[in-house]
1. Taking the Cα atoms only, what angle lies between the long axis of helix 92-114 and the longest principal axis of the chain, rounded to 10 degrees?
2. If you average 1/r over all unlike Cα pairs in the range 2-42 and invert the result, what Kirkwood radius do you get in angstrom?
3. Can you order the peptides 6-12, 72-78, 28-34, 97-103 by their average number of other Cβ atoms within 10 Å per residue, highest first?
4. Helix 44-67 against the longest principal axis of the chain: what's the angle in degrees, Cα atoms only, rounded to the nearest 10?
5. Using only the alpha-carbon atoms, how far is helix 71-84 inclined from the longest principal axis of the chain? Give it as 0 to 90 degrees, nearest 10.
6. Hey, what does the equivalent ellipsoid look like for the chain, semi-axes from the Cα gyration tensor as sqrt of 5 times each eigenvalue, largest first, whole Å?
7. Name the residue, out of 45, 105, 84, whose mean-square fluctuation peaks in a Gaussian network model built on the chain with Cα pairs under 10 Å.
Ligand SMILES: [Zn+2]
């Protein structure tokens, strides 16, 4: 749910066209009011909620890709997760998860390399 500060137009996020996906790696999405064209930012709490959802999906994806041994992909996702965690959600569990996954991949890759 978004609301325009200028004209008071309120509605679902989809009603507000996206101007800029993100200002920073996980900063607020920039939308535009469909009524008066004023810039409307996604609210901080909502943004954080979205980042948490995204982090959850990414951790599931990490496990999936890991089982397929797609380690290069996994590394990219871990990088993104660590960015989200550093500048938005600051979750202790998540940083542990990232650390564990990094060492898991390192081991898995050295085992593969020795064959
Ligand atoms: Zn407006």
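None of the figures in this text is laboratory data; all of them are computed from the coordinates on show. These figures come from a predicted structure and were not determined experimentally. Using ideal geometry, Cβ is built from the backbone for each residue, glycine included, and neighbour counts are taken over all protein chains shown.
1. Helix 92-114 sits roughly 40 degrees off the main axis of the chain.
2. So the Kirkwood estimate lands at 10.1 Å.
3. Packing order, densest peptide first, comes out as 28-34, 72-78, 97-103, 6-12.
4. 30 degrees
5. Taking the Cα atoms of the chain, the angle to 71-84 is about 40 degrees.
6. Calculated on Cα positions only, the semi-axes equal 38, 13, 10 Å.
7. 45
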